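Notes follow the structure.
Readers should treat all values here as calculations from the given coordinates under stated rules, not as data from a laboratory. The structure displayed is predicted, hence computed values, not measured ones. We place every Cβ from the backbone using ideal geometry, glycine too, and count neighbours over all the protein chains shown.
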Amino acid sequence: GQQVMQIPQYQHVQEGEDLTTYCNSSTTLSNIQWYKQRPGGHPVFLIQLVKSGEVKKQKRLTFQFGEAKKNSSLHITATQTTDVGTYFCAPTGFQKLVFGTGTRLLVSP
Amino acid sequence: AAGVIQSPRHLIKEKRETATLKCYPIPRHDTVYWYQQGPGQDPQFLISFYEKMQSDKGSIPDRFSAQQFSDYHSELNMSSLELGDSALYFCASSLEGGDYEQYFGPGTRLTVT
């Protein structure tokens, strides 16, 4: 199956700092989705990327799909305490998600 | 808006007992997925159903079985429970196909003692 690694696994930032988390695959991906899971919560869909080199923005979040469709990134600008949680990338495949290892984000006020 | 409903939210069972988890998808969603998430782990896909037929299978133990009913709700049956089965079990639903976003329920926390 597809193996997707995310780096870093943990990120602790001060409120207001920027950060980027990366999602790397050994194989070419068709699509990739990003989910956020707050502590004690369930995964919540953020975005889906389909096209090579695609960039999508949601307020302070910028998602990018690599040109070769083997990697993706999430950049958060001016982090807030509400950004705390684990961010998972998940390549889509027939009828299932294969979650990446996740990046756990902590934000200190 | 209606969300995915899971019941029960918490379940405590002893080793070798059985458990049944229920999932009610968002109205008009015809695909249901089950995931298992251990402490500090990412969700692992177990099984999925589309139009009441099993559509994909992941790392689901043979002790577990699942089905989707005519009203699209799904049940995950777990027998001969082991300590290692203690986890958070999520159900998710979507429209047809693996390329649509999945909406997750709040999860059932199963504790096996």
- Task: Arrange A:50, A:55, A:4, B:4 by Cβ neighbour counts within 10 Å, fewest through most, would you?
- Result: A:55, A:50, B:4, A:4
- Item | Spin-label pair residue A:80/residue B:51, simplified geometry with 7 Å Cα→Cβ offset, distance in nm | 4.3
- Relative compactness, region A:4-102, computed as alpha-carbon Rg over 2.2 N^0.38 Å: 1.01
- Query: Under a point-charge model restricted to the Cβ atoms of Lys and Arg (+1) and Asp and Glu (-1), what is the dipole moment magnitude of region A:4-102 relative to its Cα centre, in debye to the nearest 20?
  - Reply: 340
- Message: Charges on Cβ only, +1 for Lys and Arg, -1 for Asp and Glu, centred on the Cα centroid of chain B; of B:103, B:23, B:45, which one is farthest towards the dipole's positive end?
- Response: B:23
- Task: Check each of the GluC sites (Glu not before Pro) in region A:1-84 and keep only those in coil by DSSP with at most 14 other C-beta atoms within 10 angstrom; list them in order.
- Result: A:15, A:17, A:67
